[in-house]
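The values are calculated or read from the model by the stated rules, or taken from the named source; none is laboratory data. Note that this is a predicted model, so its numbers are computed, not measured. Note that each Cβ is placed from the backbone with ideal geometry, even for glycine, and that neighbours are counted across all protein chains shown.
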Amino acid sequence: MAKFESSIKQVPYAQEAVYRNLSDLSNLEKVRDRVPEDKVQDFTFDKDTVSVSVPPVGKISIRICDREEPKCVKFESVDSPMPFHLWIQVLPVTETTSKMKVTVNADIPFMLKGMVAGPLQDGVEKIADALAQIPYV
C-alpha cells in the first residue's frame, strides 16, 4: 500500500458542521455546480456513495465505510482501476474553525507506482483544497 497525505487545511467552520456535511454525501448537491465538467463526468451520489468518471482513468466509485463522529469519515473504493481507502480527518482549532487532512492508501502495483505517485499526491492535495473551500453551513 502506498500512502498519500494532503497538507493540513484550515477551514473557517466548526468541526461539527464540517463533519455533519462530509458524513452525508447527499450534501454534495451544494457543490455540484463547482465540479469541472471537462475533468469529471457522470457525477452521481447518495448518502453513502459517490461515483464519477475521470478521463482517462475511468469510473471511480467510493462509499463511506466508517464514521467517527465528529473527527473522521473513512471511504473505500467500490469501483476503481486500483483499490484504495480514503479518509478525511477534521479537528477543532477553535469553536468556529477547524483543520482538515485527506489521506489515501492505494494498492498500486509496483510497476505503476513511479508513474502514478506524483499525480495521486497532486490529486489528494486538490481534493483537500476543494474540501477546505466548501461552505459548511
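Observations
- Entry remark, the stretch 1-48: residues being of a type outside the set (D, E), touching a residue at least 24 places away in the same chain (Cβ under 8 Å) and within 30 Å of M111 (Cβ to Cβ) number 6 in total.
- The stretch 1-45: number of residues that are in a loop (DSSP other than H, G, I, E, B) and at pLDDT 95 or above: 8
- Restricting attention to the stretch 85-120, the residues being at pLDDT below 95 and out of contact with any Pro (no Cβ under 7 Å at 6 or more places or on another chain) number 14.
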